[in-house]
Number of protein chains: 2
Amino acid sequence: MRTSSVDQIILEVLAQEHAHLTSLQIFEVIRERLPAVNQSTVYRALERMAKRGQVSVSDMGTGSAVYELVADGRHHHLVCQVCGCILTIDHEEVGRFFTEIEAQNQFKIATNHLILFGVCGECGKNGG
Amino acid sequence: MRTSSVDQIILEVLAQEHAHLTSLQIFEVIRERLPAVNQSTVYRALERMAKRGQVSVSDMGTGSAVYELVADGRHHHLVCQVCGCILTIDHEEVGRFFTEIEAQNQFKIATNHLILFGVCGECGKNGG
DNA sequence: AATTATAATGCATTTGTTTGCAACTGCAAT
DNA sequence: ATTGCAGTTGCAAACAAATGCATTATAATT
Ligand SMILES: [Zn+2]
Ligand SMILES: [Zn+2]
Ligand SMILES: [Zn+2]
Ligand SMILES: [Zn+2]
């Protein structure tokens, strides 16, 4: 497999930042090392890496997709549509559900960073 | 609550077509009855209706979001990233998982049309 | 080393979606 | 009827993301 310098830098950035980063945020960091790099190159690199399962791509309701390294440990999130807070749930219970669905449908799930929207406990108390 | 003519037509269209429709497809149908309607009006109407829980909005990997009436019965999908086929799973088993997650996290899930990506049985056999 | 094949990139363009703002509409209180 | 208010709309512009095409870089083959 051919190694792209952009891919390599993205992996380093994501490994270092350890957060949900937008394509633009990643682009800005890469530019420091490769000033001539184009934004669509970053989009395409991220797309490649998502297809390989190296990074997750998710819409967390912020207007632009966020990317995160998968290697560190599979996890998922609950996003409150009222206050925007983000709860993290580990893969264990989700994995049981996925396995059940996979068995019942002869289907191998690739989704590696599930986002469920709703209302958190705090907001549920206040807003009814 | 104030009634918008566009909202009403969208409900009728979705109830009749009974499918995953893009904003553009909905727009084209509405134009037959309201020729001067603007596309952003349709986007805003769909956004309103999604917030009310009347319709679901989902990225099914086709390049544009698809909308569907929720009223008819809550369901979810598995989308094959190889052949594009769509399996439907009813809410029962998903609901059990949601309830578990809700209890463990004091969180009320609003997601009403879950999309899980992966590889279907047929493609799994062929492509390894 | 030279050749070929394949994958990655830059640039410009296009597509899909959201937003700011001013104008308009429907409803309720006066 | 008049006024006031909140929700809705059109329009243009901003924004996020994807794509077509020509060029360049890399790896494999000769
Ligand atoms: Zn995460
Ligand atoms: Zn909240
Ligand atoms: Zn559906
Ligand atoms: Zn398939």
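The values are calculated or read from the model by the stated rules, or taken from the named source; none is laboratory data. If you're wondering where the values come from, they're calculated on a predicted model, not measured in any experiment. Neighbour counts are summed over all protein chains in view; Cβ atoms, including those assigned to glycine, are modelled from backbone coordinates with ideal geometry. Keep in mind that these areas ignore ligands, DNA and RNA; they rest on the heavy atoms of the full protein, side chains included. Shrake-Rupley method; radii C 1.70, N 1.55, O 1.52, S 1.80 Å.
Worth a mention:
- Residue in segment A:26-41 that is open to solvent by 50 Å² or more (accessible area, probe 1.4 Å), under 18 Å from the mean Cα position of the chain (by Cα), outside the structural domain of A:LEU114 (by TED's automatic domain parsing) and under 28 Å from B:ILE115 (Cα atoms) present: no
- For segment A:55-78, filtered to residues that are more than 10 Å from ligand 1 (Cβ to nearest atom) and over 20 Å from A:ILE10 (Cβ atoms), the residue that is farthest from the other protein chains (Cβ to nearest Cβ) is A:GLY63.
- Residue list for segment A:98-128, restricted to those being touching a Lys or Arg at 6+ places or on another chain (Cβ under 9 Å) and within 16 Å of ligand 1 (Cβ to nearest atom): A:ASN112, A:HIS113
- Flag if A:THR88 is polar (S, T, N, Q), within 14 Å of the chain's Cα centre (by Cα), away from DNA strand D (no atom under 16 Å from the Cβ) and over 23 Å from B:VAL119 (Cα atoms): yes
- Hits in segment B:73-101 (condition: farther than 24 Å from B:HIS18 by Cα and open to solvent by 40 Å² or more (accessible area, probe 1.4 Å)): B:VAL82, B:ARG96, B:THR99, B:GLU100
- In segment B:73-96, the residues that are out of contact with any His (no Cβ under 7 Å at 6 or more places or on another chain) and at negative phi: B:HIS77, B:LEU78, B:VAL79, B:CYS80, B:GLN81, B:VAL82, B:CYS83, B:CYS85, B:GLU92, B:GLU93, B:GLY95, B:ARG96
- Contact map, segment A:44-62: residues that are within 26 Å of A:CYS80 (Cα to Cα) and of a type in the set (Val, Ile, Thr) paired with residues that are in a loop (DSSP other than H, G, I, E, B) and open to solvent by 30 Å² or more (accessible area, probe 1.4 Å), Cβ distance under 7 Å, separation 6+ or inter-chain. Pairs shown: A:VAL57/A:ALA65.
- Leading residue by the ranking (surrounded by the most Cβ atoms within 10 Å (Cβ to Cβ)) among those in segment B:102-124 that are within 30 Å of A:ASN126 (Cα to Cα), facing chain A (nearest Cβ under 7 Å) and free of Cβ contacts under 8 Å to residues at least 40 places away in the same chain: B:PHE107
- Filtered residue count, segment B:88-101, keeping only those that are under 20 Å from B:VAL57 (Cβ atoms) and facing chain A (nearest Cβ under 7 Å): 1
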